[in-house]
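The values are calculated or read from the model by the stated rules, or taken from the named source; none is laboratory data. Quick caveat, the model's predicted, so the values are computed rather than measured. Methodologically, a virtual Cβ is constructed for each residue, glycine included, from the backbone with ideal geometry; neighbour enumeration extends over all protein chains shown. For accessibility, only protein heavy atoms count, side chains too; no ligands or nucleic acids. Shrake-Rupley method; radii C 1.70, N 1.55, O 1.52, S 1.80 Å.
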Amino acid sequence: MSRVSIVDLQRMKAEKKKIVVMTAYDYTVARIIDRAGVDVILVGDSGGRFALGHEDSNEVTMDEMVIMARAAGRGAKRAMVVGDMPFMSYQVNDEEAVRNAGRLVQEAGAQAVKLEVGSEYAGTVAAIVKAGIPVMAHMGSTPMANIGAGDFRSGSVDEEQVWRDARELVRAGSFSLLLTGISADLGERITEEVTVPTIAGFGAGDNCDGQIGVTHPTVGLHPDELDRRKSNYGPVAVALLDAAEKFTQDVRAGKPVRSRRDSG
Ligand code: KIV
């Protein structure tokens, strides 16, 4: 089975086949969603909240990203793995940006990196691409653009600026644009204009080349899901709770519990 490449994603755009992107932060989830057939696995800094229990994704360190990306990468047999560049891993200067992007490729085995950027980072994107590392540019209303301002999904953006930035970031060498928190009209306009695949998330409409699902909220793999059902798929948290409760009851009742030798 060959791994999904940038050429495959470009072909999917040309043939109008939707590109599926989901997140994973560990081996098990990556292996399962890879088997489901997703095309790209993003090891997002959202793993700081969903996997590591941080309050905010901006608390994630470069070392933590490398560990999560390496683990998820071991589970992804077919999907392209994109490692997220965490807060302060590329903002100081281009040299640090290239070095940190290199860590996600060299130490974690990612095939590409993602940066939350506007055109002010076009030079940084170009420097990383020049080092041979493919870049997915994450634009629109993003978590880093909304530090201290509340939920990025409802943040406001200057759509004309996003439009100009999109073209500049493609010129800088980005192989894909991840568009979050923008209108469906703008998502469609950018998708028609640029030559690279666009991925929609939290807005951006249904006419981008692909769609991202942040796995934990999408499939309800979150403790909040136990009290208030929000996800459209799953909810996996409820299945896990039921299974753990049943195991607990069986052990306490003295029932023999069969465990597979290879499960540990
Ligand atoms: O880290 C992440 O999961 C992301 C999503 C918000 C798209 O960047």
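Solvent-accessible area per residue in the chain equals 52 Å², computed with a 1.4 angstrom probe and all protein chains kept. Rounded to the nearest Hz, the phi-derived 3J(HN,Hα) couplings of the stretch 209-216 under the Karplus curve 6.51 cos²θ - 1.76 cosθ + 1.60 (θ = phi - 60°) are 6, x, 9, 9, x, 6, 3, 4, where x marks glycine and proline. The alpha carbons of the chain occupy a box of 66, 40, 36 Å along the principal axes, longest dimension given first. What length, rounded to one decimal in nm, is gained on full extension from residue 238 through to residue 88, with 0.36 nm per residue of separation minus their alpha-carbon distance? Once the chain is fully extended between residue 238 and residue 88, it gains 50.4 nm. Mind pulling the angle between the C-alpha long axis of helix 62-75 and the longest principal axis of the chain? Nearest 10 degrees, somewhere in 0 to 90. Roughly 70 degrees, rounded to the nearest 10.
Just so you know, the Cα atoms of the stretch 9-68 work out to an Rg and Dmax of 13.7, 41 Å. Placing unit charges on the Cβ atoms only, positive for Lys and Arg and negative for Asp and Glu, gives the stretch 163-260 a dipole magnitude near 640 debye about its Cα centre.
What separates the Cα centres of the stretch 52-69 and the stretch 150-199 is a distance of 25 Å.
Taking all protein chains together and rolling a 1.4 Å probe, residue 49 ends up with roughly 100 Å² accessible. Put simply, the stretch 160-251 fits an ellipsoid with semi-axes of 40, 12, 9 Å; these come from the alpha carbon gyration tensor as the roots of five times its eigenvalues, largest first. To the nearest 10, the accessible area of residue 136 is 10 Å² with a 1.4 Å probe.
Per-residue Karplus couplings for the stretch 41-53, computed as 6.51 cos²θ - 1.76 cosθ + 1.60 with θ equal to phi - 60°, are listed in order as 9, 8, 8, x, 6, 4, x, x, 7, 6, 9, 9, x Hz, Gly and Pro entered as x.
Relative to the longest principal axis of the Cα atoms of the chain, the long axis of helix 27-36 lies at roughly 70 degrees. Ordering 161, 104, 80 by the projection of their Cα atoms onto the charge dipole of the chain, which places +1 on the Cβ of Lys and Arg and -1 on the Cβ of Asp and Glu, puts 80 at the extreme positive end. In terms of distances greater than 28 angstrom between alpha carbons, the cross-link table entries 16/230; 77/246; 230/255; 18/246; 77/255; 13/114 yield 16/230; 77/246; 230/255; 18/246; 77/255. Among 13, 77, the sequence by solvent-accessible area, most first, with a 1.4 Å probe is 77, 13.
Fraction of C-alpha pairs exceeding 18 angstrom in the stretch 1-149: 55 percent, rounded to a whole number. Using alpha carbons only, how many degrees (0 to 90, rounded to 10) separate the axis of helix 94-106 from the longest principal axis of the chain? Roughly 40 degrees between the two axes.
When +1 charges are put on Lys and Arg Cβ atoms and -1 charges on Asp and Glu Cβ atoms, the dipole computed for the stretch 6-216 relative to its Cα centre reaches about 980 debye. Based on alpha-carbon atoms, the Kirkwood radius and the radius of gyration of the stretch 92-190 give Rg/Rh equal to 0.98.
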